[in-house]
2 protein chains.
Amino acid sequence: MKKEFRSLCPIASTLDILGDKWSLVLIRDMLVRKKKTFKAFSASEEGIATGILASRLKLLESFGLITKRKLPDNKKENIYLLTEKGIDLAPVIVEVTLWGDKYMRVYNPKLKAYENLKTDKASIINTLQENYRQMVASVIA
Amino acid sequence: MKKEFRSLCPIASTLDILGDKWSLVLIRDMLVRKKKTFKAFSASEEGIATGILASRLKLLESFGLITKRKLPDNKKENIYLLTEKGIDLAPVIVEVTLWGDKYMRVYNPKLKAYENLKTDKASIINTLQENYRQMVASVIA
DNA sequence: TAAATTACTTTCAAAATAGAAGTAAAAATG
DNA sequence: CATTTTTACTTCTATTTTGAAAGTAATTTA
């Protein structure tokens, strides 16, 4: 969990922490699929190894993109939630989705479609974020 | 250079090829800084190892994000240029820059600022892309 | 009270990365 | 024209990261 950066470029610095095959997939699981537990992340179709998952969650938490807490009625489950900092990755998630939808299908023909995204990007980003905040509020209420 | 995908998700599939610490930095070097040669990429402040650079260029070319050519008057230099597919990553680059600009400065205080980006994102993306296309046209003319 | 579940950690092999050095062809220099 | 320099790599080795499987401890369910 070293916090050193390669340069003074915001892109490079962001990639210093999110530049891997798993971090944005986890953010997707949380923001889009409302996943909250180690178990749920572990069950993603991409099949993340539990060791990697544990280390990624720790890293995301250390950089304040997610929080980890327990609910009063369950001492076993940990609930991972995106912070505003994490929720603010919604535009990145959406742009990556759009790009992948447009260009990766030729290599991965059965890719799921995301037609609607193109038409009203801004409002979809907003809805995604608002829905997530609602969910967070209801969980920690 | 394997072309297998973890899932049918466009995000995960995009990360299958771009999910590392270097690919988007190279795209940045090309799109924003107009870099075109192995030498130029090699000289980036982030200090990419030449072996990694060679393998990344090969991967980006294999997925059609960049092309590699020689100019008629120089048999030594290779010119790497973004294709439309690569140029279309501009929105991702911009969103990552904005996010990094907003949230990474706390860890990397001397990050360069990108104020203007926030105000007219769409037009900046367009200008970036148009300028790049112009440059490509003038290079291959 | 026993079995199952959750959230991990540990272990080990395989793959990716980093850094340094080396090479071949082309271009620039004297 | 010969030599040096440049460009674009490749190769090598050490270190780090990843992936897959198995193990563990606390908690919850049956």
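Looking across the range A:21-47, the residues that are over 14 Å from the mean Cα position of the chain (by Cα), part of a loop (DSSP other than H, G, I, E, B) and within 14 Å of DNA strand C (Cβ to nearest atom) come down to A:Ala43, A:Gly47. For the range B:2-19, the candidate set comprises residues that are open to solvent by less than 20 Å² (accessible area, probe 1.4 Å) and part of a loop (DSSP other than H, G, I, E, B); within that set, the residue that is farthest from the other protein chains (Cβ to nearest Cβ) is B:Cys9. Say we look at the range B:77-103 and pick out the residues that are facing chain A (nearest Cβ under 7 Å) and of a type in the set (Ser, Thr, Tyr); which of these is least open to solvent (accessible area, probe 1.4 Å)? Ranking the candidates gives B:Thr97 first.
Residue pairs whose Cβ atoms lie under 9 Å apart, separated by 6 or more positions or on different chains, with the first residue in the range B:20-35 and touching a residue at least 60 places away in the same chain (Cβ under 8 Å) and more than 10 Å from chain A (Cβ to nearest Cβ) and the second among the polar types (S, T, N, Q) and open to solvent by less than 40 Å² (accessible area, probe 1.4 Å), are B:Leu31/B:Gln129. Of all residues in the range A:51-64, exactly one satisfies the criterion of being touching a helix residue (DSSP H, G or I) at 6+ places or on another chain (Cβ under 6 Å) and near DNA strand C (Cβ under 8 Å from one of its atoms), namely A:Leu53. Residues in the range A:100-114 that are assigned to a loop (DSSP other than H, G, I, E, B) and without any contact (Cβ under 8 Å) to a residue 12 or more places away in the chain: 9 in all. Looking for whichever is within 13 Å of DNA strand D (Cβ to nearest atom), in contact with a strand residue (DSSP E or B) (Cβ under 6 Å, 6 or more places away or on another chain) and of a type outside the set (Gly, Ala, Ser) here; the options are B:Ile66, B:Ile48, B:Ile52. Which one fits? On inspection, the qualifying residue turns out to be B:Ile66. Residues in the range A:78-97 that are in contact with an Asp or Glu (Cβ under 9 Å, 6 or more places away or on another chain) and without any contact (Cβ under 8 Å) to a residue 24 or more places away in the chain: A:Glu95 only.
Answer yes if at least one residue in the range B:108-124 is open to solvent by less than 90 Å² (accessible area, probe 1.4 Å) and closer than 14 Å to B:Lys34 by Cα, and no otherwise. Looking through the range B:108-124, none of the residues is open to solvent by less than 90 Å² (accessible area, probe 1.4 Å) and closer than 14 Å to B:Lys34 by Cα.
The values are calculated or read from the model by the stated rules, or taken from the named source; none is laboratory data. The shown structure was predicted, so the numbers you read here are calculated from the model rather than taken from an experiment. Counting neighbours? That spans all protein chains shown, and the Cβs are built from the backbone with ideal geometry, glycine included. With ligands, DNA and RNA removed, areas are computed over all heavy atoms of the protein, side chains included. Shrake-Rupley method; radii C 1.70, N 1.55, O 1.52, S 1.80 Å.
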